[in-house]
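Contents: one structure, followed by commentary.
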Protein chains: 4
Amino acid sequence: MSGNTFGRVFRLTTYGESHGPGLGGVIDGCPAGIELDESVLQAELDKRKPGQGLASTTRKESDQAVIISGVFEGKTTGTPIAFYVANQDQRSRDYTSVQDIYRPGHGDLTYDAKYGFRDYRGGGRSSGRETLSRVAGGAVAQEFLRSKGVEVRAYTVELGSLAADISDPAGAQDRPFFAPDPAIIPAWEERVKEVKSQGNSIGGIVQVEALGVPAGLGEPVFDKLDAVLAHALMSVGAVKAVEIGAGFDAARSLGSENNDAIIAGGEGKDFVFGSNHAGGILAGISSGQAIVARAAVKPIPSIAHEQQTVNRAGESTLLKMGGRHDVSAIPRIVPVLKAMMLLALADAWLLQERQSLV
Amino acid sequence: MSGNTFGRVFRLTTYGESHGPGLGGVIDGCPAGIELDESVLQAELDKRKPGQGLASTTRKESDQAVIISGVFEGKTTGTPIAFYVANQDQRSRDYTSVQDIYRPGHGDLTYDAKYGFRDYRGGGRSSGRETLSRVAGGAVAQEFLRSKGVEVRAYTVELGSLAADISDPAGAQDRPFFAPDPAIIPAWEERVKEVKSQGNSIGGIVQVEALGVPAGLGEPVFDKLDAVLAHALMSVGAVKAVEIGAGFDAARSLGSENNDAIIAGGEGKDFVFGSNHAGGILAGISSGQAIVARAAVKPIPSIAHEQQTVNRAGESTLLKMGGRHDVSAIPRIVPVLKAMMLLALADAWLLQERQSLV
Amino acid sequence: MSGNTFGRVFRLTTYGESHGPGLGGVIDGCPAGIELDESVLQAELDKRKPGQGLASTTRKESDQAVIISGVFEGKTTGTPIAFYVANQDQRSRDYTSVQDIYRPGHGDLTYDAKYGFRDYRGGGRSSGRETLSRVAGGAVAQEFLRSKGVEVRAYTVELGSLAADISDPAGAQDRPFFAPDPAIIPAWEERVKEVKSQGNSIGGIVQVEALGVPAGLGEPVFDKLDAVLAHALMSVGAVKAVEIGAGFDAARSLGSENNDAIIAGGEGKDFVFGSNHAGGILAGISSGQAIVARAAVKPIPSIAHEQQTVNRAGESTLLKMGGRHDVSAIPRIVPVLKAMMLLALADAWLLQERQSLV
Amino acid sequence: MSGNTFGRVFRLTTYGESHGPGLGGVIDGCPAGIELDESVLQAELDKRKPGQGLASTTRKESDQAVIISGVFEGKTTGTPIAFYVANQDQRSRDYTSVQDIYRPGHGDLTYDAKYGFRDYRGGGRSSGRETLSRVAGGAVAQEFLRSKGVEVRAYTVELGSLAADISDPAGAQDRPFFAPDPAIIPAWEERVKEVKSQGNSIGGIVQVEALGVPAGLGEPVFDKLDAVLAHALMSVGAVKAVEIGAGFDAARSLGSENNDAIIAGGEGKDFVFGSNHAGGILAGISSGQAIVARAAVKPIPSIAHEQQTVNRAGESTLLKMGGRHDVSAIPRIVPVLKAMMLLALADAWLLQERQSLV
């Protein structure tokens, strides 16, 4: 019972390695009748391409999504939606020099420990290319959620310890780094150049928000909406922490500061909230406010510094990685984290439907 | 498909409300042959009792666990282990005054939104008493994991913004507040008294660690060990953030700082690590280092301040809660978070067993 | 990942052994707002009592169901519904003589093989008393389904090779043996007396039907409604075969005979069917016709004949069972099979209510 | 939560329609280290080709399986195994005439009822081509089980009411109709010719057996091995009944006849059985005997007779199907049923390898 499926009603199962023929996924449980074609998947995949900001490499990747099943005459049919993205460049590089060395910060040694051996070509299944299937799957979830009035957006709030102003993130989707404030972009570009010149890497923080989520989503007690979101976001490689709403700040607040007041009235609504420290979730169930989560992204472990490590035989060795590595998982991880919230919410929506006769 | 079951192989299903006859759980998938009796559950439940530190109320609670099935002649049989804890005090208090008011920071309004109505007596299913079943279930997981050489411990690292020294947490289990350093206890007591006198509440941070976990646990790509731990810890009410290893600090480090060097040798081991920023997990799989996670706990929302809120009819009202409320979920949440890591690891262990023929 | 949970959305988890403190179950996923009290469970449990026909023993059993959680002010709340039935008679009989002997036709040797040892008191978990929890769970499913206009009924179509006329089964619920035709009762009574006097046992065939099921339930391709029903019915001890609709007769028919013609009109309906060889299921999805299934029940293996067997040491031994054993699992198995169809249909209903936007 | 995944640890998820680009599947949870290449899948797929006996059409199909992921240097890696089979012939036939007509015995009306509309080209997802993915998945399960000493075989025991002698089925895999006795083949050929000339169709009965299964597989109480096998076999389109061991005959036997005696000794074994009415399963757990199941296969509903039916508008119409239809699902269904037992047993094996410390 491996872990390549996400969701319980809206379920995405993914497969594929970085240097095999391709990657893909199967979505089971998507309602019938949703308009869908390959351009929907492609639009999201294109956001994950290298070159969306200087932090990523300039390697050419052109990932073309194909839909194999589950769509007929432009609409989902209720049967499994399978999609596929062929790997463009599978030429047999020589991996002999690294196949027995455990790269620090990578999964080389843990994959070996788990399975007894591993596909050492470019990380195999543990490669970041795996996230391609998440983004394609998330694109389908997005179509479903949009039909319900829900919109999810994600943007970078911090890169290399430089924080952006997030007071007006609306245009972030179209900016380099998915920056919520255009003013931060030059500083981030500078930081990236500097780190790159040092052969080093940096991390950052990404915020993901869902607008238009009605009250009632989330399944107490173990599958609270925040628990499932934490699971979803933390499942993305490089993420080391997840906050909901005020997160760690809540741990340092008084109750009187952290509680969100509930205010009667508000145009046509029964109530509004005085603040959103809860991140839109109370007792594990959505409250009708915006869902707000943040993910801490570690620096990419592949650096051009000499690092101490061992080989499979347990012998000491020094490793210095060459090649054109990304300086940061940001910005390419941003659409991936967005996709995970989309998948989590689509599933929560379908779980909630019809749980009450009242 | 509600969310009252945790785990895939070692599965805990819980039930019960704060003011019904009692609470309990069923563990399905616990291996046969583990020594178990009620004292094992009781020992963990007693750590969750009020009065383990001044932050908790002085209410008397004496929760006695009974095992109903799955144990024969002192050993688990492989069939479901059911346990039960009767509620001591079910006398019919008058809840009329609060049944229609949505307490800020509580799940009153979200439960109503989800199910159409709710059990308003003391929070019903959303009450903290629900965690009793987690602790009892975790106690069984602990017996299984101890038979494999794994030990989990949890302690408070911060309370009301006052951080403890965590360099030697070994004795924390037996101290007030589960304090990792006895020197912090007076300061925490002082802080609790002060906040209590103000009718307010505070949060804090809890660290949970597992020692003796072998490399290989965790199921890529969606059920990475860190993702499942985040899910487990965030599913506990009041938790608003989860970090693994360096957590948010990783997001602000350089790759050269954050990577854990792998060092050959080390008595009888193939290698050791130069640091543990990864928190014992690489690419979602345990690396053989200690598993380290932290949870941010929000202040308890029940405070003796006047708060603005609404009733079910959407009318504005002011609420001031009386009664003897805890000042903080800490320390009582500490054994609950420990239980969640125990449950997550027992499940990960059984998932991993026999996935490789090599 | 043991097998003590049935269903995916409407989920029943059961526990308990024949000679422990009691048996029970937890239903997770039952919608909120359904009227429910203990009398609903009791009414079904009473149908499973001994003495519903001469085939059962005259032992006194009075199984009283208690609801522990999930119901508030007479309605389900959407949280887990836990119920419990205490074992009346747990006095410590002497099982020394049989604890090491493998009874032919029982699970003694397979439980030992699976778990390494077993609870040998009266079968432990493999005892027929386990079905009590299915019946109680089915009673809750029945309330949900009745609110949707679905009615399930079950009756005996054959006992000891004597077949009943099933042309008018409406009154079967209230007759001995759940007989669909009162005229068969004397013959069945005679057959039971005869077999009992010989210290032997007999099997039979039970039919279970659901009326009022709309078209659309069932999840292709692996969880077709017929597949799930076969799973549900075959999971009851003693069942050795399951047919849907024409069953084995279909295998011996021509296509022209077996196809059910679809006939336009029919009072207010788009169509009716000329026959129901399909048993109400086409391509794994309910068609709107009555769902019809049959289960073959083997004779009870506990007989007063001398039987050749072995003990745990592998030594040959002869076993002759005394005690007051039932002559047949019929009629007590009839409400159990009904309960399994109720559980399967409640789950199928909630699975379907999530699948189409059209 | 649709039903396109089978299994809990060894999980097969399938997708694809008869007239889309292709069909495929993803196996998650297959242990690492099993030798596997495409020829393994192809060998089983070839047994499912038309022309394996006169009952099938003479259409040319050449289904070539491609492995996309999960295999590296000839061995499974523990990551998802994805396979794909392109549809050869997707030319756009004109389906206008049948797209609004509900074919009797087919899923046309139930798919419409469930999803609101359907892919009407050749049955879409409800087409028998779907079973291709089962056979490919079963081929992988077979490699795993063979590494454990388990062998599964399937053969036709009855076709068009003509029963074969099954006393020596060893050579059936290589004979027309998967006939267990070559002597029956001429009679079956004659029957098929006759029925074909009448534009009609016939059903039959298939037996599936597993040899070398150790005692201990199967998960009481709801996921007994017989329950899971019934689910697996009944999930194949056209199957209307499943028997385990003596099946319906058990319902008509006395306990003294149906019990399988347990006999001490037997070369190096603790015991052997005097018969196998139980079909190798006691109390839902394998006993060490051969697992024996039978499936009743209905006649193919596509016949060249005029049949009464309705269209989507509910209007009466007569339908007479042309085209080269198979006369029977037998023999092509035989490798499909074998695959389902393989999948069920591989899963049961991995579920069991986690349950006892003894």
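The values are calculated or read from the model by the stated rules, or taken from the named source; none is laboratory data. For clarity, every value in this text was computed on a predicted model and none was experimentally measured. A quick note on method: Cβ atoms are made from the backbone with ideal geometry, for glycine too, and the neighbour counts reach across all protein chains shown.
Which residue is surrounded by the most Cβ atoms within 10 Å (Cβ to Cβ), if the candidates are limited to the stretch C:34-69 and must be among the basic types (Lys, Arg) and either modelled with pLDDT under 80 or in contact with a His (Cβ under 6 Å, 6 or more places away or on another chain) (or both)?
Let us first name the residues in the stretch C:34-69 that are among the basic types (Lys, Arg), namely C:47-49, C:59-60.
The next check asks that each one be either modelled with pLDDT under 80 or in contact with a His (Cβ under 6 Å, 6 or more places away or on another chain) (or both); those that pass are C:59-60.
Working: C:Arg59: 13, C:Lys60: 10.
This residue is C:Arg59.
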Please determine, by comparing only the residues of the stretch A:5-25 that are facing another protein chain (nearest Cβ under 7 Å) and touching a Leu at 6+ places or on another chain (Cβ under 6 Å), which one is farthest from A:Leu41 (Cα to Cα). A:Val9
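Checking the condition modelled with pLDDT of 95 or more and not in a loop (DSSP other than H, G, I, E, B), which residue from D:Ala113, D:Ala187 passes? Talk me through it step by step, then tell me what you get.
Values: D:Ala113 fails: modelled with pLDDT of 95 or more.
The conditions single out D:Ala187.
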Given (1) facing chain A (nearest Cβ under 10 Å); (2) among the charged types (D, E, K, R); (3) touching a residue at least 60 places away in the same chain (Cβ under 8 Å); (4) over 27 Å from D:Asp223 (Cα atoms), index of the condition B:Asp63 fails: (1)
Whichever residue in the stretch B:116-149 is in contact with a strand residue (DSSP E or B) (Cβ under 6 Å, 6 or more places away or on another chain) and either in a loop (DSSP other than H, G, I, E, B) or polar (S, T, N, Q) (or both) and, among such residues, is surrounded by the fewest Cβ atoms within 10 Å (Cβ to Cβ): B:Gly116
I'm trying to understand the selection: among the residues of the stretch A:311-337, which are in contact with a helix residue (DSSP H, G or I) (Cβ under 8 Å, 6 or more places away or on another chain) and closer than 15 Å to B:Asn259 by Cβ? A:Val327, A:Ser328, A:Ala329
Output yes when any residue across the stretch B:170-189 is under 25 Å from B:His106 (Cβ atoms), touching a strand residue (DSSP E or B) at 6+ places or on another chain (Cβ under 9 Å) and without any contact (Cβ under 8 Å) to a residue 60 or more places away in the chain, and no when none is. no
Considering only the stretch A:150-173, state which residues are charged (D, E, K, R), out of contact with any Gly (no Cβ under 9 Å at 6 or more places or on another chain) and either crowded, with 24+ Cβ neighbours inside 10 Å or closer than 22 Å to A:Leu217 by Cβ (or both). A:Arg153
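Looking at B:Phe271, is it farther than 30 Å from A:Ser256 by Cβ, of a type in the set (Phe, Trp, Tyr) and facing chain A (nearest Cβ under 9 Å)?
Values: farther than 30 Å from A:Ser256 by Cβ: yes; of a type in the set (Phe, Trp, Tyr): yes; facing chain A (nearest Cβ under 9 Å): yes.
Against the criterion (farther than 30 Å from A:Ser256 by Cβ, of a type in the set (Phe, Trp, Tyr) and facing chain A (nearest Cβ under 9 Å)), B:Phe271 qualifies.
Let's see how each residue does on (1) in contact (Cβ under 8 Å) with a residue 60 or more places away in the chain; (2) more than 8 Å from chain B (Cβ to nearest Cβ):
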| residue | (1), (2) |
| --- | --- |
| A:Ile202 | yes, no |
| A:Gln207 | yes, yes |
| A:Glu219 | yes, no |
| A:Leu225 | yes, yes |
| A:Val228 | yes, no |
| A:Lys240 | no, no |
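Got a number for residues in the stretch A:307-322 being charged (D, E, K, R) and at the interface with another protein chain (Cβ under 10 Å from one of its Cβ atoms)? Please lay out each step first, then the result.
Step one: list which residues in the stretch A:307-322 are charged (D, E, K, R), which gives A:312, A:315, A:320.
After this cut, where a residue has to be at the interface with another protein chain (Cβ under 10 Å from one of its Cβ atoms) as well, the list is A:312, A:315.
Within the stretch A:307-322, residues that are charged (D, E, K, R) and at the interface with another protein chain (Cβ under 10 Å from one of its Cβ atoms) number 2.
In the stretch A:150-166, what count of residues is obtained for those that are of a type in the set (A, V, I, L, M) and either closer than 22 Å to A:Pro214 by Cβ or part of a loop (DSSP other than H, G, I, E, B) (or both)? Reasoning before the result, please.
Initial filter on the stretch A:150-166 (of a type in the set (A, V, I, L, M)): A:150, A:152, A:154, A:157, A:159, A:162-164, A:166.
From what's left, either closer than 22 Å to A:Pro214 by Cβ or part of a loop (DSSP other than H, G, I, E, B) (or both): A:150, A:152, A:154, A:164, A:166.
Qualifying residue count, the stretch A:150-166: 5.
Scan C:Ala304, C:Ala346 and give me the residue that is within 24 Å of C:Trp188 (Cα to Cα) and in contact with a Gly (Cβ under 9 Å, 6 or more places away or on another chain).
Values: C:Ala346 fails: within 24 Å of C:Trp188 (Cα to Cα).
On inspection, the qualifying residue turns out to be C:Ala304.
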Could we say that C:Ala246 is under 30 Å from D:Glu315 (Cβ atoms), facing another protein chain (nearest Cβ under 7 Å) and either surrounded by 24 or more Cβ atoms within 10 Å (Cβ to Cβ) or touching a residue at least 24 places away in the same chain (Cβ under 8 Å) (or both) here? yes
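Any chance the stretch D:247-255 includes a residue that's of a type outside the set (Gly, Ala, Ser) and within 24 Å of D:Ala344 (Cβ to Cβ)?
Yes.
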Which one of the conditions (1) at pLDDT 95 or above; (2) closer than 30 Å to D:Ile205 by Cα does D:Pro80 fail to meet, given that it meets all the rest? (2)
B:Ile263 fails exactly one of (1) within 30 Å of A:Arg118 (Cβ to Cβ); (2) surrounded by 24 or more Cβ atoms within 10 Å (Cβ to Cβ), namely (2)
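When residues of the stretch C:249-259 are filtered for being surrounded by fewer than 24 Cβ atoms within 10 Å (Cβ to Cβ) and not hydrophobic (A, V, I, L, M, F, W, C), how many remain?
The first filter runs over the stretch C:249-259 and keeps only residues surrounded by fewer than 24 Cβ atoms within 10 Å (Cβ to Cβ), leaving C:249, C:252-254, C:256-257.
So of that shortlist, the ones also not hydrophobic (A, V, I, L, M, F, W, C) come out as C:249, C:252-253, C:256-257.
Total satisfying the criteria: 5.
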Residue selected from the stretch B:6-28 under the condition small (Gly, Ala, Ser) and at pLDDT below 95, by the criterion surrounded by the fewest Cβ atoms within 10 Å (Cβ to Cβ): B:Ser18
Since B:Glu194 meets every condition but one in (1) more than 7 Å from chain A (Cβ to nearest Cβ); (2) in a helix (DSSP H, G or I); (3) in contact with a Leu (Cβ under 9 Å, 6 or more places away or on another chain), which condition does it not meet? (3)
Scanning the stretch B:260-301 for residues that are without any contact (Cβ under 8 Å) to a residue 60 or more places away in the chain and of a type in the set (Lys, Arg) gives B:Lys269
Considering residues that are within 14 Å of chain A (Cβ to nearest Cβ) and not in a strand (DSSP E or B), the number found within the stretch B:26-44 is 1
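Taking the condition in contact with a Leu (Cβ under 8 Å, 6 or more places away or on another chain), more than 7 Å from every other protein chain (Cβ to nearest Cβ) and at pLDDT 95 or above, does D:Ile101 pass?
On the way: in contact with a Leu (Cβ under 8 Å, 6 or more places away or on another chain): yes; more than 7 Å from every other protein chain (Cβ to nearest Cβ): yes; at pLDDT 95 or above: no.
Here the answer is no, as D:Ile101 does not meet what is asked.
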